[in-house]
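Student: Below you will find the structure I want to go over with you.
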Amino acid sequence: MEKNLSVEGMSCKHCVNRVKRYLETVGTDVTVDLEGKKAYFNARDNVDMNSVIKDISEFGFTAKEI
């Protein structure tokens, strides 16, 4: 299932790579857009989006599903 997130607080490619590597553990076809402050991925069936958002926030970013 395709998921779209708004991710605030990313400021560099390192930030993008950190979010991308994490999302690759919960889904496939991950794209993280630094300028647009968005992330797109195909979530696995058993993914809890509340947990995904919480995990991303632990990296210091603010995420929400859009």
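Student: Could you grab me the full set of residues in the range 1-18 that are closer than 17 Å to Asp48 by Cβ, buried (at least 17 other Cβ atoms within 10 Å of the Cβ) and of a type in the set (A, V, I, L, M, F, W, C)?
Tutor: Hit for the range 1-18 is Leu5, nothing else.
Student: Moving to a separate point now. Which residue is surrounded by the most Cβ atoms within 10 Å (Cβ to Cβ), if the candidates are limited to the range 27-51 and must be over 11 Å from Lys3 (Cα atoms) and of a type in the set (A, V, I, L, M, F, W, C)?
Tutor: Residue satisfying both the conditions and the ranking: Val32.
Student: Being out of contact with any Cys (no Cβ under 9 Å at 6 or more places or on another chain) and exposed (fewer than 11 other Cβ atoms within 10 Å of the Cβ) is the requirement here; does Ser57 meet it?
Tutor: no
Values in this text are rule-based calculations from the coordinates and carry no lab data. Every value quoted in this text rests on a predicted model; they were computed, and no experiment measured them. Note that each Cβ is placed from the backbone with ideal geometry, even for glycine, and that neighbours are counted across all protein chains shown.
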